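The block underneath contains the structure these notes are about, expressed in C-alpha cells.
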DNA sequence: CGTAGATACATCGCCTGTCAAGGTATATAT
DNA sequence: ATATATACCTTGACAGGCGATGTATCTACG
C-alpha cells in the first residue's frame, strides 16, 4: 500500500531537506534514493520534486549549482543552507507535534 | 505550536469518522470536542468541517438528520454508516503506513 | 429594549501543493 | 534504428483547507 497525495502534502520539503543534510545531491538521485529507502512505497513525482526545489531555493533554504559533468546529462546540484537546516528542525518539531495530535484524534 | 493546513490535509475526514464512532453528533459539537481533545492545538475550521461532511455524506460514509430541538438553533446530526466504519479502518492503516514512511525519511 | 455573545448552520472564492502529461538532451545497449 | 536509462523542466488541472461572510435562535446585561 502506497501513500496518498493528501497525506504526503507538506512533507515533500522536509524530506528533501533531510536528504540534503547528508550532502549535496541532484534531483534524479534524490528521487531514486527516496524510492529505495521506502522500498518503492513512496515515489516523489518529478513535477512535485522540481516545484519543491523552486520553493526551497526561493525561500533560501537550499541553493543550486550546475555540476561539471563532461559526459552524460547535466546535473543541477542542490545544497542545504544554514537557514535550511534551521527550517528542517522546525519542520521536524511540527511533524512530531502533528503526529501526536492526529494520533490523539484517531483510535 | 499548532498544526499546519498542509499536514492536516487528508486527515479531516478520518478525524470526523473517529468522532462519530462514539455516537451521533453535530458539527458545532464535533468542532468543540476536537479543540478540547487537543488542548486548542488544533481547530477544525468551519468551512473545512462542513465541506468534509458533504464529501463524507456523498460517499455514503455518514448520513445526516435534523435534530428535533424545540429550543435553540437547529442541529444537523451525523451518524457513521457501516461503509464509514470500514473506510475508517482503511484510513487508519494508511495513516500507520504514512507515519512509518515519513519517519523513515526524516531524521 | 438594545446589544453583545454563544450556539448552530451554510456558501463562495481564493490559495497552494501535487501530479499527469508533455517536452528536451545525452549516453549505452541491442 | 530503437529502446532504455539518465537528467532536466513546464503547463494546466485538480482538490482540500480556509478566510470572509451570511443566516437564525437564545441568553444575559444594563
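Read the figures in this text as sums done on the coordinates, not as results from a lab. If you're wondering where the values come from, they're calculated on a predicted model, not measured in any experiment. Note: ideal-geometry Cβ built from the backbone for every residue, glycine included; neighbour counts use all protein chains shown.
How much length, in nm to one decimal, is gained on full extension between residue B:74 and residue B:96, taken as 0.36 nm per residue of separation minus their Cα-Cα distance?
Numbers: separation 22, 0.36 × 22 = 7.92 nm, distance 3.75 nm.
Full extension of this stretch gives 4.2 nm more.
Per DSSP helix of 4 or more residues, -39500 (n - 2.57); summed, then divided by the residues of chain B. What does that give at 222 nm, rounded to the nearest 500?
The helix contribution divided over chain B gives -18000 deg cm²/dmol.
Compute the distance in nm between two label points, each set 7 Å from the Cα along the Cα-to-Cβ direction, one at residue A:66 and one at residue A:41.
4.0 nm
Any idea what the residue B:5 label distances to the other copies are, label 7 Å down the Cα→Cβ vector, nm, shortest first?
Here residue B:5 shows inter-copy label distances of 1.7 nm.
Can you tell me, using C-alpha contacts under 8 Å and at least 6 residues apart, the relative contact order of chain B as a whole percent? Walk me through the intermediate numbers first.
On the way: 96 pairs, mean separation 29.8, N = 107.
With pairs under 8 Å counted, the relative contact order is 28 percent.
For segment A:11-101, what mean projected area does the convex hull of the alpha carbons give, in nm²? Kindly include the intermediate steps, with their values, before the conclusion.
Details: hull surface 26.2 nm².
About 6.5 nm², averaged over all directions.
Relative to the first principal axis of the alpha-carbon coordinates of chain B, what is the inclination of helix B:12-21, with its axis defined by its Cα atoms, in degrees from 0 to 90 and to the nearest 10?
The angle comes out at about 60 degrees.
What residue of chain A sits with its beta carbon nearest the rotation axis taking A to B, and at what distance in whole Å?
That would be A:9, 2.
Have a look at B:48, B:81, B:38 and tell me which one the Gaussian network model of chain B (Cα, springs below 10 Å) gives the largest fluctuation.
Ranking B:48, B:81, B:38 by mean-square fluctuation puts B:38 first.
Taking just the alpha carbons, could you work out the radius of gyration and Dmax for the protein assembly as shown, both in angstroms?
Answer for the protein assembly as shown, Rg first and Dmax second: 20.7, 80 Å.
Need the C-alpha centroid separation for segment A:58-90 versus segment B:44-107, integer Å.
The distance from the Cα centre of segment A:58-90 to that of segment B:44-107 comes to 40 Å.
For label points placed 7 Å from Cα toward Cβ, what is the shortest-first list of nm distances from residue A:33 to its copies?
Distances to the matching label points in the other copies: 4.6 nm.
How shielded is A:67-76 by partner chains, expressed as the average number of their Cβ atoms within 10 Å of its Cβ atoms?
Values: counts 0, 0, 0, 0, 0, 0, 0, 0, 0, 0.
Mean shielding count: 0.
Going 7 Å from Cα along the Cα-Cβ axis for the label, what nanometre distances separate residue A:48 from the same residue across the other copies?
2.0
Give the angle, between 0 and 90 degrees and rounded to the nearest 10, that separates the Cα long axis of helix A:27-37 from the longest principal axis of the Cα atoms of chain A.
Between helix and principal axis, roughly 40 degrees.
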